[in-house]
Amino acid sequence: MRFLVVAPWGNPTTWRLAKYKVELSHPALRRLGVAEVESCSSAKALAAQLRSAGDVKVLIFGIDTVAQPREGEDLRKSAEEMYGRWARELGLEAEVVSLPGIGLFHGWRFAARPLLLFNKALYHILKAAEEYNPTFIVVDLTHGVNYQTVAVLYAAVAASVLLGLEGSKGLILYNSEPYPAEYQPERCVKGDEREGRRAEVPQLTVLDVSQLQTVVRLIRQLAVLRALTPAKIESIKAGPELCRRFGRVVTSYLLLASGAVALLFPNAKYAAVEPELYKPGAGPGGLSKPDDRVDVDCENRVVKYGEADEAYPLAVALHYLERTLDSFYSDNLVDFLNKVANHYERNGVIILHMVLRFTADQLGNMAKAAEKLADKGLLTRQDGAIKLRQLEAVALFENSAELQQQPNEESWRKALKEAEEYLSKEKERKISERNLRHLLAHGGYTHIAVEEVVIKEGKITEVTYNGEVVTQLIQLLRPPKCESR
């Protein structure tokens, strides 16, 4: 097992030695029993106990307010160096990230917003998880500053949703009892001397952190699409490019949830109209970083930060949805359908799983039959590839078993005649009730949408669809709207 311990820290110079009683109640960890660890940090105590069950990585989230702002100096670097030194003094090996500050500290106003802390914490938790691949995310909320603790907690929950670790699967939250006031041993670490006490009454802003709940709810709504579960997605506001990306990704998941998987084949082409969807393999790139600017205004004694981007959590959620779609990538239609069928099976969507397996088998037999007909000279092979027009594709799909056994001119003529009669009844290229049933019964591979099929070495390597028909189906799915801001 692998544990990522996430710990927001305030100022460790106030901490004192304690005997932390650590009990791991998760079913997978109960065998470790109860441990008593003497330490100045509950995070160190937790890490020590968890190491008896597996590997541990500790990620400390500090806060910029511990460092003295100075013109020309990197405030963020100074804060992270201080936290790194304190962690070493406490005997804790950890990665350190300092978050923006909020409020008045020693005559300086730190002017960040809770969402900015959330965005940065979310990025670093996900980045650490991608590098470390933890079995559990363990969050220790004992030592953080109030607004910092809230932001890190919500970020950890959001990250666990995107990583599939939320709830009993792999997210564990801890918070220790407070240190008793009557005990006053020496402090564990020494801090830098700062300005003395002030007598005036400070002005404090009551922070509204409900926006963090809103973005976590949005992340949950999007993440549930991976389980092929219908979800009502709240109205989205983002920039034009992110809105377009949102529409493409969500449309692809709606097609997956409906069973129309073949329309998402990575090597698909679309005649007449290019539908707005995300094809597996398009590649989301790396996880984008949030705005991390820090500006020290010594004249006004204010530390300013970059933008608290409300759309950043949406971009992160789409990144993980795209990664899931990319995991289905194959340049062979049959293999692609089978990969998605595996996803259906893992998520308990058994009927669609069976439909897709059947369609994959039928298309595999269709490709084999095409190769046999080409060997007999009844289909043309050029540069190793067989290109089937719509009529030929229909004939082969509906008669693949017979044509494999009897790849002769008579059986081929009969199959073509039947396909021609079928297509003559479908003069209008549209999604009728009958065609919709056919489409969903064959995993999205419907005759009225197929224009051309390319077969090479017994594999379907390319399909051209009628883009207008595919667009009609997308409109029936009613994808949620994203308003450009």
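The values are calculated or read from the model by the stated rules, or taken from the named source; none is laboratory data. The shown structure was predicted, so the numbers you read here are calculated from the model rather than taken from an experiment. We place every Cβ from the backbone using ideal geometry, glycine too, and count neighbours over all the protein chains shown. Heads up: the accessible areas ignore ligands, DNA and RNA and are worked out on the full protein's heavy atoms, side chains in. Shrake-Rupley method; radii C 1.70, N 1.55, O 1.52, S 1.80 Å.
Dividing the mean sequence gap of close Cα pairs (under 8 Å, 6+ apart) by how many residues region 201-347 holds gives a relative contact order of 27 percent. At q = 0.20, 0.23, 0.25 Å⁻¹ the log10 of I(q)/I(0) for region 400-485 amounts to -1.12, -1.27, -1.32, computed by Debye summation with a single uniform scatterer per C-alpha, solvent ignored. Within the same chain, aspartates and glutamates fewer than 8 places from residue 368 are excluded, and of the rest, those with a Cα less than 12 Å from its Cα are 402, 457. The modelled label-to-label distance for the pair residue 190/residue 335, using points 7 Å beyond Cα in the direction of Cβ, is 6.4 nm. Ranking 156, 296, 79 by Cα position along the charge dipole of the chain, where only Lys, Arg, Asp and Glu carry charges on their C-beta atoms, puts 156 farthest toward the positive end. For the chain, the antiparallel share of DSSP beta bridges with both residues in that region comes to about 50%. Spacing of the modelled spin labels on residue 358 and residue 204, each 7 Å from Cα toward Cβ, amounts to 6.5 nm.
Heavy-atom accessible area, probed at 1.4 angstrom with all protein chains present, ranks 237, 279 as 237, 279, highest first. Farthest toward the positive end of the dipole of the chain, out of 3, 447, 435, is the Cα of 435, where the dipole comes from beta carbon charges about the Cα centre. Any idea which of 394, 415, 352 is furthest toward the positive side of the dipole for region 279-421, if Lys and Arg beta-carbons carry +1 and Asp and Glu beta-carbons -1? The listed residue farthest towards the positive side: 415. When both region 145-170 and region 379-411 are represented by their alpha-carbon centers, they are found 54 Å apart.
Shown for the chain: the carbon plus sulfur share of the solvent-accessible area, taken with all protein chains present and a 1.4 angstrom probe, equals 48%.
Where both bridge residues fall in region 1-90, DSSP classifies roughly 45% of the beta bridges as antiparallel. In the chain, helical runs assigned H by DSSP with n ≥ 4 each contribute -39500 (n - 2.57); averaged across all residues and rounded to the nearest 500, the mean residue ellipticity at 222 nm is -13500 deg cm²/dmol. The mean sequence distance of close C-alpha pairs (under 8 Å, at least 6 residues apart), as a share of the length of region 268-420, puts its relative contact order at 16 percent. Think of each Lys and Arg Cβ as +1 and each Asp and Glu Cβ as -1; about the Cα centre, that makes the dipole of the chain roughly 720 debye. Using Cβ point charges alone (K and R +1, D and E -1), the dipole size of region 209-352 about the Cα centre works out to roughly 440 debye.
Diffusion coefficient of region 222-372 by Stokes-Einstein, Kirkwood radius over Cα pairs, 37 °C, 0.692 mPa s: 185 µm²/s.
Compactness of the chain is given as radius of gyration and Dmax, 29.4, 102 Å, from Cα positions. Do any of 21/190; 120/279; 237/304; 44/289; 120/169; 169/190 go past 32 Å between their Cα atoms, and which? Those over the limit are 169/190.
From the alpha carbon centroid of region 432-480 to that of region 52-128 is 51 Å. Net charge in the neighbourhood of residue 329 (other residues with Cβ under 13 Å of its Cβ; Lys, Arg +1, Asp, Glu -1) is -1.
Karplus-based coupling profile of region 221-229, in residue order and whole Hz: 4, 6, 5, 5, 4, 5, 8, 6, 9, with θ = phi - 60° in 6.51 cos²θ - 1.76 cosθ + 1.60 and x standing for Gly or Pro.
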